[in-house]
Ligand code: BG6
């Protein structure tokens, strides 16, 4: 007997920059993802620019633009997010397929630069507003509730390039204007919101980024602080505009384990939870910085620009629910003689008890139950798992069918883990699998790393018909939803 409560919000998730495409349509301005090339598991995605002498250049994600250079789209590269999987023109078809699966909820994000092309405009673009309104109306036709992420890694490029991005306090105001426009324009159509996707990914992971200087670490903390304030202001405004709005934080939820029983590893592991998971969750759920923040700031010589008004906003703008992505667990160790494996902006030592995907991400359903029970105990807020899934290769058979038992198996085990957490008392209210339709991978820019129940005919070079097809997992998930998590066979 499964324990999912009546009204449990089953569904799937995508992000504008990975699904929508239409990067220069409808007056939309560019975002960083539009100057980010494709990549692979071996070769990192690059950000492209033209320097002051007209030479073409590329940067890694963490590097800064050289003096006098500007971000640019260059002919010699492919930019997979430009078209993505063309949700811009296919949303009706895609939503109909989600309806066919019985989705109760669809998580998507609003492209900031589709409403505010540079981020500086005073009013949102009408065309962008109409586009999303139509999408929300379409979802309601099928009884699908939108779950809207306001920011999913896509600050308008203009703000990044000319205004200092999230290292400039003024970006808070630009974001608040954007969020206010969303709450106002989509009032009555949307009730569930998330302010910042995987906000904690900005906090550098010491194994994934061993080269991170104290200066860079301090910038990350400042960037986060401005986002915390922006989120808290947005929460207050969202509640004032419509008191029925449920607004959540969104944390990249990795379950950390000590690599050995060496006490140094146990302590290192506790610190990893503090830095990577609790630092952001505590500020957004409790409304103030936790005590251990001082340790983190002292260790990296962080001096924050933080005001009394900020503290007041943080206290007033706590979230209504905790949401997170869950893909994997990670081992934390101080020992050096270990094999390092990584994924989703984090890394750790290989766990011999787990299997790893072709992209090096561990599969660990028990970590999901562990995480859910740990987090519920800490905050006692309703929880949603808003991303979970297995990035894998799919093969289209001659008759067009796609058999993905490995994906079904992955989901079955994670749904069982959620069921267990609910049975233990966790107030889990929703689940949206990641990339319910194949989308461009955020990490590698590939199409071949597929998560969907729905296959999209598009390859890594941008070739394909964009035709949508149902995988075996499509029919399986439909059954799961119809039985409210009872039938996982
Ligand atoms: C999360 C992001 O980090 O993981 C998504 O919120 C992303 O945007 C997902 O797509 C899976 O990562 P990847 O690199 O496999 O696309």
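Shown for the range 53-111 is the translational diffusion coefficient from the Stokes-Einstein equation, using the Kirkwood radius over Cα pairs, a temperature of 37 °C and a viscosity of 0.692 mPa s: 213 µm²/s.
Working from the Cα coordinates of the range 1-144, the gyration tensor eigenvalues give, after taking √(5λ), semi-axes of 35, 19, 13 Å in decreasing order.
Need one word for the range 422-478: rounded, prolate or oblate. Basis is the Cα gyration tensor (sqrt eigenvalues a ≥ b ≥ c); a/c below 1.5 gives rounded, then a/b vs b/c decides. Oblate.
How far apart, in nanometres, would the label points at residue 380 and residue 93 be if each is projected 7 angstrom from Cα along the Cα-to-Cβ direction? My value for the distance between the label points is 5.0 nm.
Computed over the chain, the per-residue total of -39500 (n - 2.57) for DSSP H runs of n ≥ 4 gives a 222 nm mean residue ellipticity of -10500 deg cm²/dmol, rounded to 500. One compactness figure for the range 148-234 is 1.19, namely its Cα radius of gyration divided by 2.2 N^0.38 Å. Label positions at residue 133 and residue 309, each projected 7 Å from the Cα along the C-beta direction, are separated by 3.2 nm.
Can you give the FRET efficiency for residue 366 and residue 61, using 1/(1 + (r/R0)^6), R0 = 30 Å, r = Cβ-Cβ distance, to the nearest 0.05?
Values: r = 31 Å, r/R0 = 1.04.
That gives a FRET efficiency of 0.45.
For the range 189-254, the fraction of C-alpha pairs more than 16 angstrom apart is 55%. Take the Cα radius of gyration of the range 374-489 and divide it by 2.2 N^0.38 Å, N being the number of residues; the result is 1.19.
Taken along its three principal axes, the alpha carbon spread of the chain comes to 56, 55, 47 Å, from the longest extent down to the shortest. With contacts taken as Cα pairs under 8 Å and at least 6 residues apart, the range 12-148 reaches a relative contact order of 31 percent. Protection proxy ranking of 290-299, 26-35, by the mean of other Cβ atoms within 10 Å over each peptide's residues and highest first, is 26-35, 290-299. Estimated at 0.36 nm per residue, the fully extended path between residue 70 and residue 173 surpasses their Cα-Cα distance by 34.7 nm. Taken along its principal axes, the alpha carbon cloud of the range 84-145 reaches lengths of 40, 22, 16 Å, longest axis first. Using the empirical formula 2.2 N^0.38 Å as the baseline, the Cα radius of gyration of the range 256-381 reaches a ratio of 1.19.
Every read-out reported here was derived from the displayed coordinates using simple, explicitly stated rules and does not represent laboratory data. Just so it is clear, the structure is predicted and the values come from calculations on it, not from any experiment. For neighbour counting, all protein chains shown are included, and Cβ atoms are generated from backbone atoms with ideal geometry for every residue, glycine included.
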